[in-house]
Amino acid sequence: MSSRFLTTVLLLVACVPALSSAADIDLAKLREGAVDRLSHDVKLLASDEMDGRGPGTEGLDKAAEFIRDEFKKAGLTSAVSDGSFYQPFVVQMGRKPIAERTYLEITGPDDKVWKLEFAKDFQAYFTPGQEEVEAPIVFVGYGISAPDFDYDEYADIDVEGKFVLLIRREPQQDNKESVFDGDKVTAHSYFRAKIKQATDRKAAGILLVNDPFTVKKEERDAFVPQGGVNLAQSKLAFAHLSQGAANQLLEKVPVKAGDTSLTSIASIESHIDGQLKPISQILKGWTVKFRGEFANTTAKTVNVAGVLEGEGPMADETVVVGAHYDHLGYGGYGSRRQGDNSVHNGADDNASGTAALIELARRMTKGDKPRRRVVFIAFSGEERGLLGSRFYAEAPLVPIEKTVAMFNYDMIGNLRDDQLEIHGVGSGSTFDEVLDSFADDHGLKLKKSRPVARSSDHHSFYQKKVPVLFFFTGHTKIYHTPDDDYETLNIPGLARVVNYSEEVIVAMVNADKGPTYQQTGRGVRRRGVPNLGFLPTYKENEGVSVREVRENSPAAIAGLKAGDLIESIAGSKISDVRSMVAALQRTKPGDEVKLVVVRDEKKVELIVKLAKP
């Protein structure tokens, strides 16, 4: 142990106020019951009744009320001057079609016009700069071009300037012997892949129809939610037809498979599942006229902020402890299961961090007052782009220039092998020593990363030159899916993270001098290095694990998934982030390179076209 390190730790420990015996006993009792309380809070926040805590839902409002009430019970006062604990702001929810100005008409060879009913027969989705589009119809099966599976529904058909009528997902979904990865889904089933195939071939638009396999399983033929289809990088017109409307069209103009006339989506699915041969064809004489007009929609939401005032000469300085409490609602925006409208409860992301925030508030109000003010904030709008924390950083409830540190909890419910990831260690001058000084007492193996990850609320504070730490237990395969439920969490592990980080925060709150802000690197992306478009989880000598794949990025289009472990890029072995950057430095934007990843204990090869930095 270095003398500098020992001196730092002794100073930190010496400056923590001694607790009275009664307070000591209260804290001991609190810690004993932590697992039960955390379990209760996560279960409540991640219950179906909370509507997935999506913006604009009643469930998100209920969650805010629960957090506020628990802050009050803990003994916090409102950080908002009106005493409400609520810092309101508005979330942009995207665009919603204007019913009376949105239309879809189909005309046959006899010039008869069939006007489909909005929201019953079809739904429209926003495309930048969209005007009225009138074009012939081409049926292209599932809209898949997969040379690796020897299956290409665009091989012998010209779709330029035409609407492509295509089925959702992919063939042979319930066939374990299917070339499409058995009964698992492949990247070819994703909207982004279908949109890219149509865009690359200069189609005018897409008419999407739900696949019968999923409709039967879910017992409903539901339209994709607004926001569930990302067309930001495309000029394609996009409409979702009901199966009923599609079947009416096919009764008038059947799809031909040899001498067989297929007059329904179900019969087409059955034929393709059996033959696994494309039956793409022009629907001769049939055209679509389509226009969608849209209006911006918003939702009101709140950050929930409580304060524990400090005492003494440093009482005007602030430490912020934060976690976001919003999630994805019923899917759509941000979901990794596009088109699955089940409730996304977000137990790990981020009921776990919210429960930790509440638990820390309960504990830190016991005993003597801290030397610095502590503000506890439950942020909303994180899943929409760190909106709540950005709003706070621009309109802080206490002076941001007097905020000496920010601690963020996001996805801390899956502690495995005693490993706790902590990001942003390089942003504060004393972080390294303080983090190490308490880890052994809790049996934790710290995976420290000096760069500041940009994927959660701490980054809004880092941009204001506040030192930040981000506590994180890693991604799972169920990240941003409806399966992120309470039952999947390690609640005793969550309690260990809370116990450990409580000591770190108390030391920082009461230290004679706060950490000095330090600028750090930004992680994977470097100037001049081609962009893949994902966030890594840092592992030493084990490859690079994918934490999050950005929508419509080169990685997403190639089929990279959260949880994948990257073994090699363009033939170069990847052992850590440095080796990955080195491999990318040997490539250039526009190159198509091979990625080898490990997924579900199997090696998978992907081809990715690199983008500009």
> Where in the range 76-103 does the amide nitrogen come within less than 19 Å of the point 7 Å from the Cα of residue 463, taken along Cα to Cβ?
Replying inline: 88-94
> Normalised by the number of residues in the range 534-609, what is the relative contact order in percent for Cα pairs under 8 Å and 6+ residues apart?
Replying inline: 28
> If you plug each phi of the range 230-243 into the Karplus form 6.51 cos²θ - 1.76 cosθ + 1.60 with θ = phi - 60°, what whole-Hz ³J(HN,Hα) values come out, in order, with x for Gly and Pro?
Replying inline: 9, 10, 4, 9, 10, 9, 5, 5, 9, 10, 10, 8, 6, 4
>> Only four residue types carry charge here, +1 at the Cβ of Lys and Arg and -1 at the Cβ of Asp and Glu. Report the dipole size of the range 471-517 about the Cα centre in Debye, rounded to the nearest 20.
In response: 220
> When the dipole is taken about the Cα centre of the chain, and only Lys, Arg (+1) and Asp, Glu (-1) are charged at their Cβ, what size is it in debye, to the nearest 20?
Replying inline: 1740
> Scattering from the C-alpha atoms of the range 534-609 alone, worked out with Debye: what is log10 I(q)/I(0) at q = 0.14, 0.17, 0.21, 0.22 1/Å?
Replying inline: -0.37, -0.56, -0.90, -1.00
>> Tell me the net charge near residue 110. Cut-off is 13 Å between Cβ atoms, residue 110 excluded, with +1 for each Lys or Arg and -1 for each Asp or Glu.
In response: +2
> Of (1) 25.2; (2) 28.6; (3) 26.2, which one was derived for Kirkwood radius over Cα pairs in Å from the structure shown?
Replying inline: (3)
> Quick one: if you stick a label point 7 Å off each Cα along the C-beta vector at residue 445 and residue 90, how many nm between them?
Replying inline: 5.0
>> With θ taken as phi - 60° and the coefficients 6.51, -1.76 and 1.60, list the Karplus ³J(HN,Hα) couplings across the range 486-499 in order, rounded to whole Hz; mark glycine and proline as x.
In response: 3, 5, 8, 8, 9, 5, x, x, 4, 4, 5, 4, 5, 4
> Roughly speaking, what is the centre-to-centre gap between the range 346-425 and the range 96-139 when only Cα atoms are used, to the nearest Å?
Replying inline: 47
>> Show me the ranking of peptides 85-98, 144-157, 106-119, 472-485 by mean Cβ neighbours inside 10 Å, starting with the highest.
In response: 472-485, 85-98, 144-157, 106-119
>> So for the range 99-292, considering every pair of alpha-carbon atoms, how many percent are separated by more than 27 Å?
In response: 22
> Based on Cβ point charges of +1 for Lys and Arg and -1 for Asp and Glu, what charge dipole magnitude is obtained for the range 534-609 about its Cα centre, in debye rounded to the nearest 20?
Replying inline: 180
> What is the set of long-range amide H partners of residue 80 at a cut-off below 5 Å, with H atoms built 1.01 Å from backbone N?
Replying inline: 85
>> I'd like to know which of 223, 75, 307 lies farthest towards the positive end of the charge dipole of the chain, counting +1 on Cβ of Lys and Arg and -1 on Cβ of Asp and Glu.
In response: 307
> Which order do peptides 276-286, 419-429 fall in by mean Cβ count within 10 Å, highest first?
Replying inline: 419-429, 276-286
> What length, rounded to one decimal in nm, is gained on full extension from residue 61 through to residue 575, with 0.36 nm per residue of separation minus their alpha-carbon distance?
Replying inline: 180.6 nm
> Got the relative contact order for the chain handy, in percent, Cα pairs under 8 Å and 6 or more residues apart?
Replying inline: 16
> For the range 155-190 and the range 561-613, what is the separation of their Cα centres, given in Å?
Replying inline: 25
>> Show me the ranking of peptides 559-571, 377-389 by mean Cβ neighbours inside 10 Å, starting with the highest.
In response: 377-389, 559-571
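Values in this text are rule-based calculations from the coordinates and carry no lab data. Fair warning: this is a prediction, and the values are worked out from it, not measured in the lab. For neighbour counting, all protein chains shown are included, and Cβ atoms are generated from backbone atoms with ideal geometry for every residue, glycine included.
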